[in-house]
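The values are calculated or read from the model by the stated rules, or taken from the named source; none is laboratory data. In this text, all values refer to a predicted model and were calculated from it rather than measured experimentally. All Cβ positions, glycine included, derive from the backbone under ideal geometry; neighbour counts span all protein chains shown. When the accessible area is computed, the model is the full protein with side chains, heavy atoms only, and any ligands, DNA or RNA have been set aside. Shrake-Rupley method; radii C 1.70, N 1.55, O 1.52, S 1.80 Å.
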Amino acid sequence: MNTRDRKPTLWFVRHGESTWNASGFVQGQASGPVLTRKGRNEAANIAGSLAGARISAIYTSDLQRARETAEIVGRAVRIAPQSDPALRERNFGQAQGRPHSELPSAASGIEIDRVVDADARPAEGESLTELYERVATFIDELEMRAPEDDVLVVTHGGVIRVAQAYCNGIPAAAMAWGSVPNASVWGLSRPHPSIAIAQ
């Protein structure tokens with residue numbers, strides 16, 4: 001491809017392993033989880049996965065586990081991250097801080113690897129439809145700024161799954177719910193499909 005015709009890539013990164021990842025707890029928008037030692041090491045390795053990317057800006061969820069990851073990556077690429085609450089994980093309400101086994105599919109709207117009810121909402125939480133709309137708005141606003149270089153977005157598993165669907169024209173109700181490992185890197189561009197980079 002001629003580099004002049006190249007569309008900028010949105011690089012989405014999931015934060016490194018957190019203390020609640022290691023414990024198997026629902027994190028959502030809780031303020032408690034921070035990176036583990038493993039998570040900090042994972043974050044330090046992310047910059048190497050982005051070698052060759054022309055990153056001009058880093059946006060991050062304002063939740064601590066994502067901010068920690070973004071700051072580690074930002075130091076490596078010499079770009080200061082900008083926090084944005086639109087990039088927070090889905091709000092799981094009363095389920096936050098509880099084991100994943102206590103979050104039924106009737107509340108999450110997710111069964112194994114598929115979305116079965118995009119409008120399901122955990123008590124005091126957020127539906128997948130609401131998360132989808134929030135992430136779509138962020139991506140649209142980013143596109144309107146039309147950066148010439150790539151942008152790095154440090155966020156959460158749910159946000160990345162939704163961003164993949166939106167960039168591929170898939171509505172929330174038809175989404176797959178595949179694996180998004182900690183510190184994995186995903187290149188998204190519109191209207192092209194996402195490309196996973198093996199970690």
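Scanning segment 86-130 for residues that are buried (at least 22 other Cβ atoms within 10 Å of the Cβ) and farther than 23 Å from A22 by Cα turns up G109, V115, L128. So which residues in segment 131-164 are open to solvent by less than 10 Å² (accessible area, probe 1.4 Å) and among the polar types (S, T, N, Q)? Residue satisfying the conditions is T155 alone. Looking only at segment 112-126, count how many residues are touching a Ser or Thr at 6+ places or on another chain (Cβ under 7 Å) and modelled with pLDDT under 95. The number of residues fulfilling the criteria is 0. Answer yes or no: is there a residue in segment 176-193 that is assigned to a helix (DSSP H, G or I) and open to solvent by less than 30 Å² (accessible area, probe 1.4 Å). Checked segment 176-193: no residue is assigned to a helix (DSSP H, G or I) and open to solvent by less than 30 Å² (accessible area, probe 1.4 Å).
Per-residue answers, yes or no, for (1) within 18 Å of S184 (Cβ to Cβ); (2) out of contact with any His (no Cβ under 6 Å at 6 or more places or on another chain):
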site	(1), (2)
K38	yes, yes
E42	yes, yes
I72	yes, yes
P85	no, yes
E89	yes, no
R98	no, yes
D117	no, yes
E126	no, yes
T137	no, yes
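Listed by position, the helices (runs of 4 or more DSSP H) inside segment 1-80 whose residues that are among the small types (G, A, S) and either over 15 Å from V154 (Cα atoms) or open to solvent by less than 60 Å² (accessible area, probe 1.4 Å) (or both) number at least 3 are 37-49, 64-77.
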